[in-house]
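Each value in this text was obtained by applying a stated rule to the coordinates, not by laboratory testing. Just so it is clear, the model here is predicted, and its values are computed rather than measured. Cβ coordinates were reconstructed from backbone atoms using ideal geometry, including for glycine residues, and neighbour counts include every protein chain displayed.
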Amino acid sequence: MKLKIFYFLIFSFLIFSCKTQNTAISTNANIIEIVKSPDVTLVDVRIPEQFAEATAENAINIPLAEIENRSSELKGKKVVVFCNKGIQADQAVEILKKNGVEVYDGTSLQNVKAIQNLKN
């Protein structure tokens, strides 16, 4: 029961913490399942100094300023982007969508790390 409540709270937080409406290509996607998927590429769009301080497990760093020029690296992959508060992630989602990348908004580092720490 506690686990169901926890999942509900995480899911609710993710939905209401976004700065824009759902910006991922798939509007029915469950972000918890996507983040925990073994074939997902987690992209931290913060600056390298912030990335070096802390990031999600197995995340790569592609700063927002470089995301458009490096979007070809992400084509054909399932991508979740995140930053500190979700603002840069929202921008990265829009850029990657325009470049044909399957992208999902993980919103913030805190959200992605919380999902990664969920027990199956």
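A few comments on the model shown:
- Inter-label distance, residue 110 to residue 94: 2.4 nm, where each label sits 7 Å from its Cα along the C-beta direction.
- Close amide H contacts of residue 80 (hydrogens built in the peptide plane, cut-off under 5 Å, sequence separation of 5 or more or a different chain): 41, 42, 43, 104.
- Point-to-point label distance, residue 84-residue 52, nm (Cα→Cβ direction, 7 Å offset): 1.7 nm
- Among 53-60, 106-113, sorting by the average number of other beta carbon atoms lying within 10 angstrom of each residue, highest first, gives 106-113, 53-60.
- Karplus 3J(HN,Hα) series, Hz, for region 48-58 with 6.51 cos²θ - 1.76 cosθ + 1.60 (x for Gly, Pro): x, 5, 5, 4, 5, 6, 5, 7, 7, 4, 6
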